[in-house]
Amino acid sequence: MKYKLGDFVRFVDEKMEGYVTTIINDDMIGVTGEDDFEIPVLASKVTTVHGHKSTAVESQAFDEVKVNTTSFDTRGVYLAVATDQRIASVVHFYLVNETSFQLLTALTTEKLHKFKGEYAGIIAPKSAAKIFSAPLQDIQLWPVFNFHVVFYTTQNIAISQPLILKEAFKAKDFSGTKTVVPLIKQQAWLIRLDEPELVIDAEKLKESFFKPTEEKQEIEKPVHEIDLHIEKLRDDHQFLSSAEILNIQLMAFRKALDAAIVHKLPSITFIHGVGNGTLKNEIHKIVGKHPQIQTFMDARKEKFGYGATKVLLK
């Protein structure tokens, strides 16, 4: 199959043209024109329009740009899924690199025990690359995604461990609110691939097992609205990196959520602000999979706009 999703093609026997929106098999493709109606056609009956800028994925390579080691960001790898701005039935997958590393990235899909290499390339620091496209209505037919991401820099920086992830997406993964992703200049569902590591202090954990009951700290009942703006949590916030700020905010969120569950509150609201949407997305990702949470929603738009999330507990 010489065509890819996003290629602009013209019909050989008819005065029609459009974008490839479905790869049906090795011989058939689906082409969507300006009327947003997809037509199945033999691949031999269309031809690429030369000189037209294709939206198909291409690998890339570039020279590394030196980054100040004092502000070198080591975390922040996301998958952004955005709808096509011309054809609403198609979504594009972007690998978003908010780190200061170059990302040596490969994507392989797996379907019915068949594997296919979809993308291989180098993604620059603070940039994004489109790595896959698919029809949104066929989400139940999407393949399994295998991501391999290697961190690279020529600078004197400790290298992060490679990311090797296997994801099978479902409709519920895209039930949350979209957020504006500056690096692709549009709204998208944002999924973090390099989750912050949970560090456990073995000594403190051991001590907690042997503490007498009367010495154990009582969990304080939280208020119904928790403000997660960093200036409400730390006085020295102006000296913190963006990664440190996010970790502090998520710790405060988890602590308040656990306390609300312990005290059997019916609901709790988290004020996260609008910003770039990273904190909101992380909160939605956690509450969307939490077994003690019934559902969540935007809280009182007339008061908070889109800057707060209300969580209903079971």
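The values are calculated or read from the model by the stated rules, or taken from the named source; none is laboratory data. None of the values given here were measured: they were computed from a predicted structure. All Cβ positions, even for glycine, are placed from backbone atoms using ideal geometry, and neighbour counts span all protein chains on display.
Residue check, residue 305 against (1) closer than 15 Å to residue 180 by Cβ; (2) within 19 Å of the chain's Cα centre (by Cα), all met but one. Which one?
(2) is the only condition that residue 305 fails.
Can you find a residue that is surrounded by fewer than 16 Cβ atoms within 10 Å (Cβ to Cβ) and without any contact (Cβ under 8 Å) to a residue 12 or more places away in the chain anywhere in region 258-269?
Looking for residues that are surrounded by fewer than 16 Cβ atoms within 10 Å (Cβ to Cβ) and without any contact (Cβ under 8 Å) to a residue 12 or more places away in the chain, one finds none in region 258-269, hence no.
Restricting attention to region 10-34, which residues are surrounded by fewer than 16 Cβ atoms within 10 Å (Cβ to Cβ), more than 24 Å from residue 143 (Cβ to Cβ) and not hydrophobic (A, V, I, L, M, F, W, C)?
13, 14, 15, 33, 34
So residue 159 fits all but one of (1) in a loop (DSSP other than H, G, I, E, B); (2) modelled with pLDDT under 90; (3) under 17 Å from the mean Cα position of the chain (by Cα); what number is the exception?
(3)
Name the residues in region 284-307 that are in contact with a helix residue (DSSP H, G or I) (Cβ under 6 Å, 6 or more places away or on another chain) and hydrophobic (A, V, I, L, M, F, W, C), would you?
Correct list: 293, 296.
Quick one: residue 183 ticks every box in (1) in the same structural domain as residue 129 (by TED's automatic domain parsing); (2) modelled with pLDDT under 90; (3) in a loop (DSSP other than H, G, I, E, B) except a single one, so which number is it?
So residue 183 meets the others, but not (2).
Looking for something at pLDDT 90 or above and of a type outside the set (S, T, N, Q) - is there at least one such residue anywhere in region 270-278?
The answer is yes; a qualifying residue exists.
Among the candidates 94, 119, which residue alone is under 16 Å from residue 186 (Cβ atoms), of a type outside the set (Asp, Glu) and crowded, with 17+ Cβ neighbours inside 10 Å?
Details: 119 fails: under 16 Å from residue 186 (Cβ atoms).
When all the criteria are applied, what remains is 94.
State yes or no: is residue 154 more than 29 Å from residue 310 (Cα to Cα), polar (S, T, N, Q) and modelled with pLDDT of 85 or more?
Yes: the conditions hold for residue 154.
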